[in-house]
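The values are calculated or read from the model by the stated rules, or taken from the named source; none is laboratory data. These figures come from a predicted structure and were not determined experimentally. No Cβ is skipped: glycine too gets one built from the backbone with ideal geometry, and neighbour counts run over all protein chains shown. Keep in mind that these areas ignore ligands, DNA and RNA; they rest on the heavy atoms of the full protein, side chains included. Shrake-Rupley method; radii C 1.70, N 1.55, O 1.52, S 1.80 Å.
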Amino acid sequence: MRKWTAWTADIKPLPGGVVGRLVPILLALVMYVGDVWVGSGDSFGKYGTLKLALPYLPLAALFLGALPGAILWLACICVIAAVGMPGVLLAGLVFPSVIVVAGCCYLLPWRQAVLFPLLCEAVLFFLYLLVPNAPLFAVVMVGVFVAFAGAAGLSLNAFRRRHENSAKRIEALEVEQAKIRANERTLLAHELHDIVAHDVTIIAMQARRAEFVDDQKKLQRFWRESAILHNRHCRIFGR
């Protein structure tokens, strides 16, 4: 079960935070109020106003995410087919379908994003065959807008995936560069340690030899060589 649902963790949230999530609800509410204002629900008789809200439910469901919006769009088209596929509801479904399908194709993982518009078209065509006297023009209009919205959403999805892959490659390069710099610092520290250890050993040996040398010229040469080594250490370590 976890294997089949693991892809849900890759669904992207709506951009814009809380404000971005409120936009679909506001759009759905504005369009629904506009349809009620012009009296589009009068042709449905009783509960006409409630039926008029069907096309806008998937758009409002985007507030919860791409997956609820996609599921509710499929459920909504099935309910519209159950009431006879009236042209008013199909016409009202056009604009919400554009936003829902494009948004879902943008936010879903690539494989599911490709399958979703195909599933929408298949369900729409199957329901058209089942419902007698369904308005062909309205069904075709919904199908065409779903196709265009799916293409637009997939294009945005591909752009987002390229951007994410580029960001991951840049992050991997930065990590690799940090490792290289750390290795170089470690190697340099080892080399400096070897140099210092070697020079300190020479200074100690010369100091030990100086205890048994009475020749002043040799002593001066020992101290001069020791001073040279000391100055080199000072230049290396900046002191």
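For the range 74-141, what's the radius of gyration and Dmax over Cα atoms, in angstrom?
12.3, 37
Ignoring ligands, DNA and RNA, what accessible area per residue does the range 1-160 give at 1.4 Å, in Å²?
Counting only protein heavy atoms, the per-residue value for the range 1-160 is 54 Å².
Residue by residue through the range 51-67, which ³J(HN,Hα) values in whole Hz follow from phi under the Karplus form 6.51 cos²θ - 1.76 cosθ + 1.60 (θ = phi - 60°), with glycine and proline marked x?
Working through the residues one at a time gives 5, 5, 7, 4, x, 9, 5, x, 5, 5, 5, 4, 4, 8, x, 5, 5 Hz.
Of all accessible surface on the range 143-188 at a 1.4 Å probe, what whole percent is carbon and sulfur?
65 percent
If packing is taken as the average number of other Cβ atoms within 10 Å across a peptide's residues, how do 142-149, 16-23, 66-73 rank, most packed first?
On the way: 142-149: 18.6, 16-23: 11.6, 66-73: 21.4.
Going by the mean number of other Cβ atoms within 10 Å, highest first, we get 66-73, 142-149, 16-23.
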